[in-house]
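Chemist: The structure is given below, and queries will be raised subsequently.
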Amino acid sequence: MDSVRARTEQETSNERSRRRILRGSLLWGIGRFGAPLVAGVVLHTGFNILDLYMISRLPEGTQALAALGICDMMTAVATILSNGVSTASVALIARSLGARDLRGVRRIAWQSLWLVGGLSLLFGLVGVVGSEWLVRDVMGTRGEAADIAGPYLQVMLGGSFSIFLLLQLVAILRGLGHAKTAASLLVGGNALNILLNVLLIYGSGPAPPIFAWGGPLAAALGIPRMGALGAAWATLLARTVPVAVGLWILARRRGGPRFHPVYLRPFGAELRALWRLGWPSSAQLVLRVGAVLFVLALLNAAYTSATDPTVLTAFSICLRLETMILFVGMGWGAAASTFVATSLGARSLGRARRSGWVAAGLCAALSFGLGVLYVREGAAIVGFFDSDPRVVAVGQEYFGAVAWTYALLGAGVVLSQAMAGAGATLQSLVLDAVVLLLGVLPAAYLVTRVLMLPRGALWWVLAAGNGVGALAFAAYYAWGAWWPEGEASQTSDLRAVAGEGPMP
């Protein structure tokens, strides 16, 4: 009786999520769904900045920040891989939810968790046995920075399960329509991270005045001062707690796919679907990261010197601020992908198409506001990170050229995610590749290394890239031929794919 009641409660919760997505005003529905996700990723960015501030206040802060920069590049691989699985999971789960295929929801959810769990064990093994080799031999790090980076990377990669599972749980909850719960896991984990940072980084020793309260508490708990390594342990613990909470929600509470032992075995149809939709999303993120590194290399070679890194410093600050636009786009894009996939599962093609446009419009409006803020207050914002007048001047110059296109950048990110919700991850990858590899990057190389134009020319190339990319995604999204029609909208009902009988 209890199991029947729990099943009924779960299906009722899923049905409420489905109804909110499929009925009523799209503007209100997407705004209500996307706002918590946007707030979550924005707060996540703020917590990361505070994390860097705390480490920078250590006596060995300069070396510690250098070590973290090296480790971040390697731990980003985990985020890239999990992003592909997460993107595919949202599309398939939301499509199954729209089709009222509870079994499909459960199978995709648990198969995706086993997949990322296996990947996390592989990364964990690499971190435990190979962190020193990665830091010293692969990255060529030396001195005190290497001494800090080795143990830090060992903890971060060794505990890869936490970030893999956390991102996947958030994706599953988004696919089920529980945006507030997904955002709460992220925000709660980051808040816990800050608390643990104060205790583990500083211990009972000296700390900035704002964190002085942590000393007596650390002393009472017997927590030693661990420095940068404490930040790694704080991150691991702060991710593990919401993972445990998220698994409990998923397995026991209504609104999630309750666990059954049958899901322990692999299902080929689901795993193939996750791979087919997931690898292009991961490759697209690799492409975008690689493009940023290419531009950094060009800028470093053309406009900086050993004695004057002003331009590189300013661009690095602007780039970190620009990620706020990307995170806003990812938040609204998450809403778009869920609404598109659920609508397609319910065979509501018109609502699916409109969902992407509405989410892109909301993102464009917010991104435009941030762009105006960066243009008007660029000097104060850049100066907060580096008060050198030369750095501030370059930052203002960059924002003056590029920030006006942030609305287009954000809209392009959302439409890309909306296409992913429709299963068009490969098409999204191809569009990005065409714009970047055939347009932006060759043009950037031309103006910096061939024509040797002033740095302002590079800024305008990047601004044009934002505009061309947005137009390319908008044109393809509006083109009707690629959208799934009729029975094709049921492709996430993997019962037909697998050809299997009834299952829990």
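Chemist: Of all the residues that make up segment 132-160, how many are small (G, A, S) and at pLDDT 85 or above? Reasoning before the result, please.
Modeler: Residues of segment 132-160 that are small (G, A, S), as a first pass: 140, 143, 145-146, 149-150, 158-160.
Within this subset, residues satisfying the condition of being at pLDDT 85 or above are 150, 158-160.
The qualifying residues number 4.
Chemist: Another one. For segment 329-343, what are the residues that are of a type in the set (A, V, I, L, M) and touching a Pro at 6+ places or on another chain (Cβ under 9 Å)?
Modeler: First pass over segment 329-343, keeping only residues of a type in the set (A, V, I, L, M): 330, 334-336, 340-341.
Across segment 329-343, there are no qualifying residues.
Chemist: While we're here: Applying the selection to segment 327-357, what residues are surrounded by fewer than 24 Cβ atoms within 10 Å (Cβ to Cβ) and not small (G, A, S)? Before you say what the answer is, go through the steps one by one.
Modeler: Here is the first cut: in segment 327-357, the ones surrounded by fewer than 24 Cβ atoms within 10 Å (Cβ to Cβ) are 327, 330, 346-351, 353-354, 357.
F327, M330, R347, L349, R351, R353, R354, W357 - these are the residues of segment 327-357 that are surrounded by fewer than 24 Cβ atoms within 10 Å (Cβ to Cβ) and not small (G, A, S).
Chemist: Working carefully through the options R353, R320, R288, R347, find the one that is in the same structural domain as V382 (by TED's automatic domain parsing), under 28 Å from L22 (Cα atoms), part of a helix (DSSP H, G or I) and out of contact with any Pro (no Cβ under 8 Å at 6 or more places or on another chain). Show your work before the answer.
Modeler: Details: R320 fails: under 28 Å from L22 (Cα atoms); R288 fails: under 28 Å from L22 (Cα atoms); R347 fails: part of a helix (DSSP H, G or I).
Going through R353, R320, R288, R347 in turn, just one is in the same structural domain as V382 (by TED's automatic domain parsing), under 28 Å from L22 (Cα atoms), part of a helix (DSSP H, G or I) and out of contact with any Pro (no Cβ under 8 Å at 6 or more places or on another chain): R353.
Chemist: While we're here: Filter segment 379-395 down to the residues that are under 27 Å from the mean Cα position of the chain (by Cα) and either β-branched (V, I, T) or buried (at least 21 other Cβ atoms within 10 Å of the Cβ) (or both) and list them by number.
Modeler: Answer for segment 379-395, where residues must be under 27 Å from the mean Cα position of the chain (by Cα) and either β-branched (V, I, T) or buried (at least 21 other Cβ atoms within 10 Å of the Cβ) (or both): I381, V382, G395.
Chemist: Also, quick follow-up: Kindly check whether there is at least one residue in segment 222-231 that is part of a loop (DSSP other than H, G, I, E, B), in contact with a Gly (Cβ under 8 Å, 6 or more places away or on another chain), exposed (fewer than 15 other Cβ atoms within 10 Å of the Cβ) and in contact (Cβ under 8 Å) with a residue 12 or more places away in the chain. Walk me through it before giving the result.
Modeler: Narrowing segment 222-231 to residues part of a loop (DSSP other than H, G, I, E, B): 222-227.
Retained after the next criterion (residues that are in contact with a Gly (Cβ under 8 Å, 6 or more places away or on another chain)): 223-226.
Pick out the ones that are also exposed (fewer than 15 other Cβ atoms within 10 Å of the Cβ) and you get 224.
Restricting the remaining residues to those that are in contact (Cβ under 8 Å) with a residue 12 or more places away in the chain gives 224.
Within segment 222-231 (the criterion being part of a loop (DSSP other than H, G, I, E, B), in contact with a Gly (Cβ under 8 Å, 6 or more places away or on another chain), exposed (fewer than 15 other Cβ atoms within 10 Å of the Cβ) and in contact (Cβ under 8 Å) with a residue 12 or more places away in the chain), the answer is yes, since at least one residue qualifies.
Chemist: List the residue pairs whose Cβ atoms are under 6 Å apart, where the first residue sits in segment 160-182 and is over 16 Å from A251 (Cα atoms), the second is basic (K, R), and the two are 6 or more positions apart or on different chains.
Modeler: Short answer, once both residue conditions are applied: S162/R239; I163/R239.
Chemist: Another question, if that's okay. Looking only at segment 146-162, count how many residues are surrounded by fewer than 23 Cβ atoms within 10 Å (Cβ to Cβ) and among the aliphatic types (A, V, I, L, M).
Modeler: Residues that pass the stated criteria total 2.
Chemist: In contact with a Lys or Arg (Cβ under 9 Å, 6 or more places away or on another chain) and modelled with pLDDT under 85: is that true of T304 in this structure? Break it down stepwise before answering.
Modeler: Values: in contact with a Lys or Arg (Cβ under 9 Å, 6 or more places away or on another chain): no; modelled with pLDDT under 85: yes.
It is false that T304 is in contact with a Lys or Arg (Cβ under 9 Å, 6 or more places away or on another chain) and modelled with pLDDT under 85.
Chemist: Which members of segment 287-298 meet the condition of being modelled with pLDDT of 85 or more and not charged (D, E, K, R)? Before the answer, list the steps.
Modeler: Residues of segment 287-298 that are modelled with pLDDT of 85 or more, as a first pass: 287-288, 291, 294-295, 298.
Listed by number, the residues that qualify are L287, A291, F294, V295, L298.
The values are calculated or read from the model by the stated rules, or taken from the named source; none is laboratory data. Every value quoted in this text rests on a predicted model; they were computed, and no experiment measured them. For neighbour counting, all protein chains shown are included, and Cβ atoms are generated from backbone atoms with ideal geometry for every residue, glycine included.
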